[in-house]
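Note sheet for the following structure.
Every number in this text was worked out from the coordinates using simple rules, so none of it is lab data. Computed from a predicted structure; not experimentally measured. Cβ placement follows ideal geometry from the backbone for every residue including glycine, while neighbour counts extend to all protein chains displayed.
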């Protein structure tokens, strides 16, 4: 069965990048970039990532196996426009995805065909439509929500996410773009419940996989009285 999955590297205090870059200067020189590369530096030296980028070298270790698994599981991707615009030039003629990518945007653009099986289809009628199109394209594989953080929150809020992989890096950024924030707009006494199904620890990063169980009201602990009540 095709699952809708997402994975994100975050700091110990929950940021996936530094403070948002809104100026005219280079993104690569920004605080947002510095935070992003700090929480994803475990990826850079991994052989699986380097091979996908067309680079030589890298380490074949547990982190590389996690990256390789992520690529192999994905039959299609969903991404935000900001991520795709930022990656279009660095990814070059053969982006690392080797699968159809559906871009959530308000600005229409013709589908871009790239080498290696990657295409970018720009979807202007919402995240639900992008996920539906990605499901149809994924075949027997999964749909990977590849970012950024705002898009991941939209998918989670809409109840479309089945599995979340967090790669928690042992660093405190102190400020930046937080993955899970009030944009989720949950109701009073409501939460999104998740169940951890796998934990893989390395010195550089801890990989935690969660099954997303969905929205649920608060259930109070009855402290052994036998009268547990659901709070709605």
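The value for region 139-209 of Rg(Cα) / (2.2 N^0.38 Å) is 1.25. Select from 29, 68, 221 the residue whose mean-square fluctuation is largest in a Gaussian network model of the chain (Cα-Cα springs shorter than 10 Å). With Cα springs under 10 Å in the chain, the top fluctuation among 29, 68, 221 is at 221. Seen against the Cα atoms of the chain and their longest principal axis, helix 81-91 is set at about 40 degrees. Measuring nothing but how far apart in sequence close Cα pairs (under 8 Å, 6+ apart) lie, relative to its length, region 50-130 scores a relative contact order of 25 percent. If you line up the long axis of helix 127-138 against the longest principal axis of the chain, both from Cα atoms, how many degrees apart are they, to the nearest 10? For helix 127-138, the angle is close to 60 degrees. Where does the Debye-calculated log10 I(q)/I(0) of region 80-232 sit at q = 0.09, 0.12 Å⁻¹, using only Cα point scatterers of equal weight, no solvent? Reported log10 I(q)/I(0), two decimals: -0.39, -0.67. Using C-alpha pairs below 8 Å separated by at least 6 residues, the relative contact order for the chain is 25 percent. The sum of -39500 (n - 2.57) across all DSSP H runs of n ≥ 4, divided by the residue count of the chain, sets its helix-only mean residue ellipticity at 222 nm to -8000 deg cm²/dmol. The calculated FRET efficiency for the pair residue 181 and residue 136, based on their C-beta separation and a Förster distance of 25 Å, comes to about 0.20.
Counting only DSSP beta bridges with both residues in the chain, the antiparallel share comes to about 45 percent. For region 24-66, averaging the sequence separation of C-alpha pairs within contact (under 8 Å, six or more residues apart) and dividing by the residue count gives a relative contact order of 29 percent.
The long axis of helix 62-73 is offset from the longest Cα principal axis of the chain by roughly 90 degrees.
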